Amino acid sequence: MTNSPLLLFINFSNHPSSGWDEDQMAQAKRYGHVVDLPFPQVDPMMASEQVRQLADQCVKDILEMGDEAGMTVHVMGEMTLVYHVVTALKQHGVCCVASTTERIATEANGTKVSEFRFVQFREY
C-alpha cells in the first residue's frame, strides 16, 4: 500500500496567512495544509549572483519541507528572487502560484486610499 504525499501549501511571502481573509485561506486550503515561510529581505545592492545564491538556499529550504509531488508554493516578493525560486521549483515539478488582487481606490479628505482584495491564486 502506497501512502499519498501530504498536500502542503507553502506561503512563501511577507504576508503571513494569519492575516488572510476567509476566502483566501479557504482557497489556499484546497491545495493542502497551509504553512508560512517568510520571504527574505533582498538588499537592492545585491549582485545578481548573490540573488541566485539566495534563491538556491530558499529552494533547498522549501524542498526540505515536504514531498515535491504534494507541494504548492505561493511565491510573492522581490521580483528577481521570485523568478529564480519559481524557475528552480518548477524544474523540480513543484506547482507555484501567485495571489491576484483587485485594487479598490477611494478618496477621503483629499487622501487616496488603496485597498487590495484577494481574488484568486494563479499558477506561474
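The values are calculated or read from the model by the stated rules, or taken from the named source; none is laboratory data. All values derive from a computational prediction rather than experimental measurement. For neighbour counting, all protein chains shown are included, and Cβ atoms are generated from backbone atoms with ideal geometry for every residue, glycine included. The accessibility values were calculated without ligands, DNA or RNA, using every heavy atom of the protein model including side chains. Shrake-Rupley method; radii C 1.70, N 1.55, O 1.52, S 1.80 Å.
Take Val42 and tell me if it is out of contact with any strand residue (DSSP E or B) (no Cβ under 6 Å at 6 or more places or on another chain) and either outside any helix (DSSP H, G or I) or not basic (Lys, Arg) (or both).
Here the answer is yes, as Val42 does meet what is asked.
Among (1) hydrophobic (A, V, I, L, M, F, W, C); (2) closer than 27 Å to Phe116 by Cβ; (3) open to solvent by 70 Å² or more (accessible area, probe 1.4 Å), there is one condition Leu6 misses while meeting the rest; what is its number?
For Leu6, the exception is condition (2).
Considering each residue of region 38-55, count those that are within 23 Å of Arg122 (Cα to Cα) and open to solvent by 40 Å² or more (accessible area, probe 1.4 Å), and give that number.
Residues that pass the stated criteria total 1.
Can you find a residue that is among the polar types (S, T, N, Q), modelled with pLDDT of 95 or more, more than 20 Å from Thr101 (Cβ to Cβ) and not in a loop (DSSP other than H, G, I, E, B) anywhere in region 12-32?
No.
Somewhere in region 104-117, is a residue of a type in the set (Val, Ile, Thr), surrounded by 14 or more Cβ atoms within 10 Å (Cβ to Cβ) and in a strand (DSSP E or B)?
Within region 104-117, none of the residues are of a type in the set (Val, Ile, Thr), surrounded by 14 or more Cβ atoms within 10 Å (Cβ to Cβ) and in a strand (DSSP E or B).
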